[in-house]
């Protein structure tokens, strides 16, 4: 065992990766577990599954806005790694300044347009919720508050990509933990008053919990690790901005396509079945995706480490970790299916009196979905780290069209929300196969 550890984890890059992985499991692992156990608290807080379903759906819809950064965050992440490897401080300043000012311009534009348009939209109709449950005025307040939350996060979360480039992903995990803990504490401690009041108060608390940690982290990083590299008009550089946008454009397209495949599920369930079914979907989702999310903690620091190794032309290191992660994926997939027989017991313990009756066909489908989700995450980490995203773009783009065709056909045959999950599996499996083949060819010549 000692020889194995020395063989795989002896270089400086290995030590940085392992340090961040351990921190991720300790810190963000706690955040994920808190999020997992928060569902019963939210059920109590809202006292109505339809209203809770709308809350989750609104977060899902507006979180989409975070994807519309034209890939600037991920472009900055990869470009910053190269500048840091070359120890070019001027390039670091140019990349940071260009990214922040471009994002700032997008935020101002979108916030202005959203503020003008939002009051004229019937949000009750959009989210399929009766006005007797939630008034139009409260829906507008909730949507507006979450919208401003996302807009602030849109700008402030650039610090997360900076931290990834610095290979300080543990600090991102700490922020996630702080956000999860503060939200859960509020939901547990704040008494149920009425639906309208609880929605409004939670909307404001959500804004603070998400953005205050990002704001504090931004100040600390630019006062310490990147001292003197804070965003400045002086270092706003057209060439740097163009370079980030070009690289980011590919990230952006793939991100949008992937979100159209996997990030629309709550919205589609709300539209086709109703918001109450979103809660059932969330229960299965959290049970089977928690292992995938925990596995992704190991992948979080890998992206920038792969970029660094690629910049240094260290193909052996990249190939070593690809083989190792493939072995680990098989173990996690086995765990996905092993929990199926015990699912009803787990749900009873987890949700108590709010438990649901488990459909084991749905459970098996979700176990497969969780397995595919995990492997797509591994493949995407290596593709993004090396900037080899063409195959991903092709399959995800085709997949979006195929998904909506499958859903249309599926709902004519079987009116159940599990059709949406099945469509994701059918779309993503071919990508996994072809990306694996492509990587094996690439790694053989690294």
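Throughout, read-outs are computed from the coordinates displayed, never taken from laboratory work. Note that the structure is predicted; figures quoted are calculated from it, not measured. For neighbour counting, all protein chains shown are included, and Cβ atoms are generated from backbone atoms with ideal geometry for every residue, glycine included.
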query: Gap in Å between the Cα centre of segment 112-173 and the Cα centre of segment 83-104?
result: 27
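Diagonalise the Cα gyration tensor of segment 184-281 and give the resulting equivalent ellipsoid semi-axes, square root of 5 times each eigenvalue, largest first, whole Å.
Working: eigenvalues 272, 134, 20 Å².
Taking √(5λ) for each eigenvalue gives 37, 26, 10 Å, largest first.
Restricting to Cα pairs below 8 Å that are 6+ residues apart, what does the relative contact order work out to for segment 42-146? Please round to a whole percent. Can you show the working numbers first?
Numbers: 46 pairs, mean separation 32.8, N = 105.
Relative contact order of segment 42-146: 31 percent.
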- request: In whole Å, largest first, what are the principal axis extents of the Cα atoms in segment 136-237?
  value: 50, 27, 17
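For Cα pairs less than 8 Å apart in space and 6+ apart in sequence, what is the mean separation divided by the residue count of segment 2-443, i.e. the relative contact order in percent?
25
What order, most packed first, do the peptides 324-332, 423-431 have when packing is the mean number of other Cβ atoms within 10 Å of each residue?
Numbers: 324-332: 13.7, 423-431: 18.8.
Taking the mean over residues of other Cβ atoms within 10 Å, the ranking is 423-431, 324-332.
Hey, can you rank 391-404, 139-152 by average C-beta count inside 10 Å, highest first? Walk me through the numbers before you get to the answer.
On the way: 391-404: 17.6, 139-152: 20.3.
Order by mean packing, descending: 139-152, 391-404.
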task: Would you mind calculating the relative contact order of segment 304-427 from Cα pairs under 8 angstrom and at least 6 residues apart, reporting the percent as a whole number?
output: 28
statement: Note to self: C-alpha centroids of segment 384-432 and segment 190-243 sit apart, in Å, by 33
statement: Ordering 165-171, 75-81 by per-residue average of other C-beta atoms within 10 angstrom, highest first, gives 75-81, 165-171
query: Can you give me the Cα centroid spacing of segment 248-294 and segment 315-376 in angstrom?
result: 16
message: What three numbers, in Å, describe the spread of the alpha carbons of the chain along their principal axes, ordered from the longest?
response: 61, 50, 41
